[in-house]
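Shown next, in structure tokens, is the structure this report addresses.
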Amino acid sequence: MREIIRSIRVTLVLWGITAIIYPLILLVIGQIAFNSQANGSLITQQGVIVGSSLIGQPFSSERYFWSRPSTTNYSSFATENYDPTKGENFSQRTGVSGASNLAPSNSELLKRGNDKDGFQGVQVELDRLNKAGIQPTADLVYTSGSSLDPHISVEAARSQIQRIATVRALNFNQVEMLVAKNTDGRFLGLFGEPGVNVLKLNLALDGLQ
């Protein structure tokens, strides 16, 4: 009986540490030291949540920098034609992410499209970029592994500067400086490549006018 009581006590103590104390400590640390990240890295404008710096959004207007294609339309409630009552928008309600899993060398990738989620295929993206006078880059043509990537490469952003400057009647150098200010460097200065957060860049763009 004594051993049973001791086992129950040990179980309760360990349960209290791992299920209550440890999570509470992490919660407090997260809310104090990493408040923004712990709450979704939300971006607000005039008190209204307009998105997250971690989740991309689709932009189709000529007045904005375009994001990279997404097979799930970024699973976004903020998309222009989002209707939560439609069954085909289930992925947007549940936050599903994913890519085609087809290599660039696979000819089927050029044919693949998903109209209901906004991605009509690589060839369609190429035609759209060429029509707009934008030099195609890999990230403006192919979807990311998650289809939720909020960044594009610096090269992809710079290739769109002339179009933005022309449509908005802005100085080229002014838009170029804006891209530089909204470029995230390598993690810890070592890992990954510099990238431009499209939502932040477009919000800053609107702030100019």
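3J(HN,Hα) couplings calculated from phi for the stretch 176-190 with the Karplus curve 6.51 cos²θ - 1.76 cosθ + 1.60 (θ = phi - 60°) are, in sequence order, 4, 5, 5, 4, 4, 5, 9, 9, 8, x, 5, 5, 6, x, 10 Hz; Gly and Pro show x.
Peptide packing for 191-202, 171-182 was compared via the average number of neighbouring C-beta atoms within 10 Å per residue; ordered from the highest value, the list is 191-202, 171-182.
Classified by the C-alpha gyration tensor, the stretch 122-161 has an oblate form. Its axis ratio a/c, with a ≥ b ≥ c, is 1.5 or above, and a/b does not exceed b/c.
Our coupling estimate for the stretch 11-18, obtained by passing each phi through the Karplus curve with A = 6.51, B = -1.76, C = 1.60 and θ = phi - 60°, is 4, 5, 5, 5, 5, x, 5, 7 Hz, Gly and Pro reported as x.
Highest-first packing order for the peptide set 32-43, 5-16 is 32-43, 5-16, based on the mean count of other beta carbon atoms within 10 Å.
Measuring between their Cα centroids, the stretch 130-201 and the stretch 1-58 lie 34 Å from each other.
Across the stretch 148-157, rounded Karplus estimates of 3J(HN,Hα) from the backbone phi angles (6.51 cos²θ - 1.76 cosθ + 1.60, θ = phi - 60°) give 10, 4, x, 10, 10, 6, 4, 4, 5, 5 Hz, Gly and Pro being marked x.
Maximal additional length on extending the residue 54-residue 13 stretch stands at 11.0 nm, based on 0.36 nm per residue less the C-alpha distance. Taking 0.36 nm per residue of sequence separation and removing the Cα-Cα distance, the residue 27/residue 173 pair yields an extension gain of 48.2 nm.
None of the figures in this text is laboratory data; all of them are computed from the coordinates on show. The structure displayed is predicted, hence computed values, not measured ones. Don't worry about glycine lacking a Cβ; one is built from the backbone with ideal geometry, like all the others, and counts go over all protein chains shown.
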